[in-house]
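Notes to accompany the following structure.
The values are calculated or read from the model by the stated rules, or taken from the named source; none is laboratory data. All values derive from a computational prediction rather than experimental measurement. Cβ atoms come from the backbone with ideal geometry, glycine included; neighbour counts cover every protein chain shown.
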Amino acid sequence: MGCAPFGLRRQPAAPLGLGAENREAPALSGDGRLLASLVERGGRTTVLLQDRRSGQVLPLRHLRGRQPHSSPSLSWTGRYLALLVQQGPHRLAVLEDRASGRLLPLQLPAGREPQRLSLAPDGRRLAVELLENGQRRVELFDLGGQLEPDLAPGLRQSGGGPGVAP
Amino acid sequence: MSTAPVRRLAGASTLLGLGLLLGGCLGSALRPLPGINQRLGQLGSSQAPALSGGWLALIAGNQGRAQVQLLNLERGLPVPLPGLNRPDSQPVSVAVDQQGERLVVVRQREGRTELVLHRRSLMASQTLPIEPAGVPRGVSLSADGRLLAVEVSRGGIWQVDLLELP
C-alpha cells in the first residue's frame with residue numbers, strides 16, 4: 001500500500017488476474033472486509049465478491065445466468081448481498097443470503113424500474129432509486145421482518161437500532 | 001385504457017417466475033416506510049442513495065441544481081451540511097459513514113471531477129487526490145468511515161482504488 005498526501009494510504013483492489021480489466025461499482029461490507037464489484041465475465045457484467053485483503057473470490061450461488069448485474073450493496077459482514085439482476089425485460093432487485101443460501105426477490109412497486117440500491121449495513125432497510133416516467137426518486141423500504149439483522153460484533157439484537165445514536 | 005394494471009400483472013408474473021425458478025422462495029412485497037418516503041418525495045428528483053447507520057445520503061434536485069442531502073432517519077429530517085454543497089458544483093455520487101460524520105462525494109466543478117471528504121463536525125471539506133490521475137465516479141465507505149472504495153477511470157479502463165482515510 002502506498003502513501004499519499006493528507007495521510008491517505010492507498011492501494012488498488014486485489015487483482016483479478018492478468019491484464020487490464022474493467023472493474024466498476026465497488027461496494028464495501030460495513031466492516032470493510034469484503035468488496036463487491038462488477039466485472040466482465042463471458043461478455044456479461046457480473047458481480048464479483050472478494051475478501052479485500054487476500055483477493056480470494058467468494059462463491060455466490062444464485063446469480064449465474066441473471067446478468068447483467070448492477071448496483072451491488074453489502075451488509076455489515078457481507079452476509080447479505082443486494083443487487084439488481086436481469087429477468088427477461090425487467091431489472092429486479094434480489095438479495096442473496098450467503099449464510100442460508102437463500103435468494104430473496106425484493107418485490108418493489110410495480111411500474112417503476114429500480115436503478116440503484118443501497119442496503120443498510122444491518123440489513124434492516126433498503127434504499128432504492130426508482131425510475132418512473134423519466135423521474136428518478138429514492139424510496140426507503142423496511143426489511144426488518146424479512147431478514148435477521150447483520151450486526152457488528154457486540155451489538156444487541158433488540159431495542160437499540162444499529163447501536164449508534166444518530 | 002390505462003396500461004398500469006397490465007404493467008402490474010407483468011411485474012407480478014415476472015416475480016412469480018423468478019420465485020419459482022428460485023425454488024419457491026418468493027419474497028413478499030417490501031414494506032415502504034411512509035414517513036421518510038413522504039419527506040423524500042418533498043425533495044423532488046432524487047438519486048444515488050447511500051444508507052449507513054441511521055443515515056441516508058443522496059443527491060436531490062434537478063440537473064444543475066442538485067445537492068447532497070443527508071437525512072436523519074430516526075427524526076425523518078434532513079440535516080444541514082454547511083461547507084459541502086457549492087453553487088458551482090454538481091454532485092455525482094455520495095457515501096456516508098454510520099455516524100453521519102464523514103461524507104465522501106464525487107462532484108463536477110469547473111470542468112473537473114473531484115473526490116471530496118467532508119467532515120460534518122468540522123463543517124469542512126477537503127479534496128482527496130486521485131493518484132495516478134483518473135476520473136472518479138462511484139464511492140463506497142466502510143461503516144466506520146475509515147476505508148473508501150472509489151471507482152476511477154484511467155485511460156478508458158475502470159478501476160477500483162481502496163483508500164484508508166486518516
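Might you let me know whether region B:50-60 holds any residue that is buried (at least 16 other Cβ atoms within 10 Å of the Cβ), touching a Lys or Arg at 6+ places or on another chain (Cβ under 8 Å) and closer than 29 Å to A:Gly32 by Cβ? Within region B:50-60, one or more residues are buried (at least 16 other Cβ atoms within 10 Å of the Cβ), touching a Lys or Arg at 6+ places or on another chain (Cβ under 8 Å) and closer than 29 Å to A:Gly32 by Cβ. Within region B:83-108, the set of residues being at positive phi and either polar (S, T, N, Q) or within 12 Å of chain A (Cβ to nearest Cβ) (or both) comprises just one member, B:Gly100. Filtering region B:111-166 to residues that are in contact (Cβ under 8 Å) with a residue 40 or more places away in the chain, aliphatic (A, V, I, L, M) and crowded, with 21+ Cβ neighbours inside 10 Å leaves B:Leu117, B:Val139, B:Leu141, B:Ala143, B:Leu148, B:Val150. For region B:14-50, what are the residues that are more than 8 Å from chain A (Cβ to nearest Cβ) and at pLDDT below 50? The answer is B:Leu16, B:Leu20, B:Leu21, B:Gly23, B:Gly24. Would you confirm, using the coordinates I've provided, whether B:Asn62 is outside any strand (DSSP E or B), within 16 Å of the chain's Cα centre (by Cα) and farther than 22 Å from B:Thr127 by Cβ? For B:Asn62, the condition - outside any strand (DSSP E or B), within 16 Å of the chain's Cα centre (by Cα) and farther than 22 Å from B:Thr127 by Cβ - is met.
Counting only residues that are crowded, with 24+ Cβ neighbours inside 10 Å and of a type outside the set (Ser, Thr, Tyr), region A:117-134 holds 9 of them.
The strands (runs of 3 or more DSSP E) found entirely in region B:84-153 that carry 2 or more residues being modelled with pLDDT of 95 or more, closer than 20 Å to A:Ser118 by Cβ and among the charged types (D, E, K, R) are B:102-109.
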